[in-house]
Amino acid sequence: MLQRNGRLTLVGALLFSSALQAQGVAADGRQVVMQGDGSGAPCMACHGMDGAGNNAASFPRLAGLDADYIAKQMRDYNAGTRISAIMQPNVDNLSEQQILDVAAYYAEQAVPAAQAATGNEELLALGEKLANRGDWDQYIPACESCHGPDNQGVGSTFPGIAGQHGNYIRQQLHAWRSGARHNDPNQLMTGVAERLTEQQIEAVAAYLGSRQAVAAEGEQ
Amino acid sequence: MKHNFMLLTVVSAVMSTQVVASDAKVPVNLPESKPGQYVHQAPTIDDLMADESVHPELRKVILKGYDLFMNTQQLRGEYVFNDMSCKTCHMGEGRMNWSGPVWPAATTLPDYRGKNKHVNSLEERIAGCFAYSMNGQPPAYGSDDMLALTAYHQWLAKSAPVYEKNISGRGFSHLGKQIPDDISYAKGEAVYAANCAICHGNDGAGQKKDGKVVFPPLWGDGAYNWGAGLTRVFTAASFIKNNMPLSKPGSLSDNDAWQVAWYINSQERPQDPRYTGDARATREQFIDFHKHTRYGTDVNGKVLGQHDNTGEKPFLKPSNLKPRTFE
């Protein structure tokens, strides 16, 4: 095993995954985050060294997300199941090992403090309702029913969305509706996204964006 | 009213606007209600909060019932011994047609029930789901918890006609009771792996996060027991067809729904509280029910249900499931 990172070993990555499975090395990922894949911009240019992202520019927070989830997204950009003119050229030269390394690096970063809520109380209340109760008359289950308690994520398939940037959440819901993003397993997000009204999208994005994220922790 | 059949979805007359367009990538495909059926639109908690005619004390009790219904795990170890909440099966807060809406029990009971061969009250019907689906022990009849739950059921029934039994979207049976001839464990297993395992897990044990159930188990100790309605293959098939995968009702073919219902009900789960010590004999004694299950039959070289495992529950039969006679 190439595994050299003490912190990763501590959280038990070696214990819980098959010994043959490739592991990301956060220290190597740090290099890639600073230097990029050779042809594009370095990750840090948009996501920051700390993985905090940027709400105004709709750059997602990566800090504390599940490593396997982050890695899958990079592979999906390269496979064309998730289309982004910004991301694709920046990750297309990464090797599989580098993808794992970058994912391990960002997964390890501490989650930033919650951002001040945008939007009025009524909008936030509507967002909270969607996140925790859904809108069953339109067959929209609560976000929580897949993204887990307080929407902090479940495993590597259902990412934490609490404390993700609101602008990014809105943009992604639109991407599912348009088909620009279709890498959701079993089309689980597509149906939900297309049933939401514009107002509901605004509301749920504002609400989730105002929540404090909790790191996925050692789930890789 | 529109008569565009491409605009499938739900009985649009009672649905609020915004019907999913026919070009939806993931359409909501639910059965049409039959002519002459009563179609109910159950009120929501928001309606309850806005209804000034409801006494504040009653509102409190209904809200308590709603809370127990949505998070029945708060009764874990007392009345509930598996990973279920009422809303786990009665999805969408127990309100939704085709998702086992619970309010019809409030308008059609007391009535005779074949399962226990006597006239049941609403409390007894709820007790049934505690004993089997929740692998538990019903709260005492007349207790605060029972009152709260029945109040929530009755609130959901608001303005439905009493003893009207021709109800659209009630129960889980619209695929009929006849298991298709080409039923097979292997086919069910394949449907499961492709559509269900991502949430419910390869081992059917579901997934928890921070000790809270996110995806409920489908078999094993945390699941409904061998006396639960969902062990009937036809009940599970209809449930799955109209409710699973989550957020994609009607997306599986009828046949796939049957295959996967057969597969999950070919797995072990906690004992039927009516167990006599022998699964084959118990099956025969309750054959009206078990003719629809695989309990007490040979499956992959083993008799299903031939064991003393009651899951987390430290007893077999709840003390308050009693026969009743007026002779």
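Quick notes on this structure:
- Relative pair counts by distance (%), Cα atoms of chain B, 10 Å bins: 5, 25, 35, 26, 8, 1, 0
- Global geometry of the stretch B:136-286, whether rounded, prolate or oblate, following the gyration tensor of its Cα atoms and the 1.5 cut on a/c: rounded
- Using bins of 10 Å that start at zero, the share of Cα-Cα pairs per bin across the stretch A:24-108 amounts to 20, 60, 20, 0, in whole %.
- Global geometry of the stretch A:121-209, whether rounded, prolate or oblate, following the gyration tensor of its Cα atoms and the 1.5 cut on a/c: rounded
- Calculated [222 nm] ellipticity per residue, helices only, for the protein assembly as shown: -10500 deg cm²/dmol; basis is -39500 (n - 2.57) per DSSP H run with n ≥ 4, divided by all residues, nearest 500.
- Working from the Cα coordinates of the protein assembly as shown, the gyration tensor eigenvalues give, after taking √(5λ), semi-axes of 43, 28, 22 Å in decreasing order.
- Residue-count net charge about A:G80 - beta-carbon cut-off 15 Å; Lys, Arg +1, Asp, Glu -1: +1
- Over the stretch B:185-303, Cα pairs under 8 Å with separation of 6+ residues give a relative contact order of 27 percent.
- Spin-label model, A:A142/A:A45: points 7 Å from Cα along the beta carbon direction are separated by 4.2 nm.
- Taking a quarter of the surface of the Cα convex hull of the stretch B:118-187 gives a mean projected area of 7.6 nm².
- Shielding of peptide A:180-193 by partners, expressed as the average count of other chain Cβ atoms within 10 Å per residue Cβ, is 4.
Any read-out appearing in this document is the output of simple, stated calculations on the displayed coordinates, not a laboratory observation. For clarity, every value in this text was computed on a predicted model and none was experimentally measured. Positions of Cβ are backbone-derived with ideal geometry, glycine not excepted, and every protein chain shown enters the neighbour counts.
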